[in-house]
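Structure first, commentary second.
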Amino acid sequence: MTALRRTGLAALLLAFAHIVFGAVVRISGSGMGCIDRWPRCADPRTGQEYWFPPLDYPILVIEWTHRLVAGLLNLAIAAVVATAWRRRGRPGVSGPGGPLRAAVLSLAIVLSAAILGAVTVRTWNTPVATVAHKLSAAALLAALAATVVRAGGLGAAAPAALTRKASRGALGAAALAIVVVAMGGFTAKIPDAAVACAGFPLCGDGSLGGGAQHVQLTHRILAYALVLHLVGLPFAFARRGEPSALRRLAAAGALLGVLQVAWAAWMVLGGFPGVVRSLHQATGVAIWVVAFTMAYVARRASVERGASSVEGVRSTLDAPRSTLPEFAR
């Protein structure tokens, strides 16, 4: 499945770049760079619509480039589906645990995300529509990561020797990560929430002066809980002797978590520079991908372990009586 694994990984990286560039669109104030037109782009200065607009207006260029990357992403995911479809007759490609179904799911999600993107533009980037669009992008990353794992990448070769605590720890990291992603979306879109707290690690002035501060502080508390959990996982996994692939994913998550706190401190204390805000967004998305992959690899290993146990019991029950231990005859 080498070709399928590489194609899926390329689509995953492109999806990651698309989401990060989406943050650049928001941070640069380019979300309405094409006004409310979709799929064509309208020049905010004249209202004239284009498929390929003039590249002499920054916010228009940024928004249109974001849409162009989205089109390339659609093509990349279609290539993943086509690659999996051509190999559907090979063992492990189709069926419940094969990459074909995950690839088709990725295609369905990216098409739905495109529709949500149109709704977001038509509703002038309301917070609910924007967060829904962001969550659909997170779901797309998860589906593509699952495709790569099913094709044998991203730690899929982890043996089924992990403990139940490892599965619960990885699942907890993924659950916290997606909640933090959603809260990050609300923090970015609710008026004044992104800059409601001028201090770090808390608000700084000791007050909770309104809804914007509540949103910001809730986002921070959940993020701190996630980072503490991520930092603790590598040590817990090492102590219990969990599979090396799972330990590597946990170490990556811990490193990204520490880096995210550093970006957050720099962002707040440095006056919210656009570049650092973009790095903060990119690292948060990377944490979600790593946390989901870790949880998915752990789940697959648990399922395979359970299937092996059931198969072992069946083999014992189906064995000739003469081969069974005396107490089982």
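Note the angle between two axes, namely the Cα long axis of helix 164-189 and the longest principal axis of the Cα atoms of the chain, as a number of degrees from 0 to 90, rounded to the nearest 10. The angle comes out near 10 degrees.
Given R0 = 56 Å, the distance between the Cβ atoms of Arg239 and Trp51 translates into a calculated FRET efficiency of 0.45. The stretch 1-74 and the stretch 177-253 have Cα centres lying 28 Å from one another. Between Thr163 and Ser28, the C-beta separation translates, for a Förster distance of 45 Å, into a calculated FRET efficiency of about 0.45.
Compared with the dominant Cα axis of the chain, that is its longest principal axis, helix 244-269 is turned about 20°. With the biggest extent put first, the Cα atoms of the stretch 1-154 measure 56, 29, 21 Å across the principal axes. Each stretch of four or more DSSP H residues adds -39500 (n - 2.57); spread over every residue of the chain, this sum gives -25000 deg cm²/dmol at 222 nm. Under 5 Å from the amide H of Arg37 lie the amide H atoms of Ala42, each residue being 5 or more positions distant or on a separate chain, with H modelled from the backbone and absent for Pro and chain starts. Extension gain, Ala108 to Asp36: 0.36 nm times the residue separation minus the Cα-Cα distance gives 23.5 nm.
Relative to the longest principal axis of the Cα atoms of the chain, the long axis of helix 99-122 lies at roughly 20 degrees. The overall shape of the chain, judged from the alpha-carbon gyration tensor, is oblate: a/c is not under 1.5, and a/b is no greater than b/c.
Between Leu202 and Ala3, the modelled label-to-label distance comes to 5.9 nm, taking each label 7 Å out from Cα in the direction of the beta carbon.
FYI, it's all coordinate maths here, none of it is from the lab. The shown structure was predicted, so the numbers you read here are calculated from the model rather than taken from an experiment. Quick reminder, even Gly has a Cβ in these numbers, built from the backbone with ideal geometry, and neighbours come from all protein chains shown.
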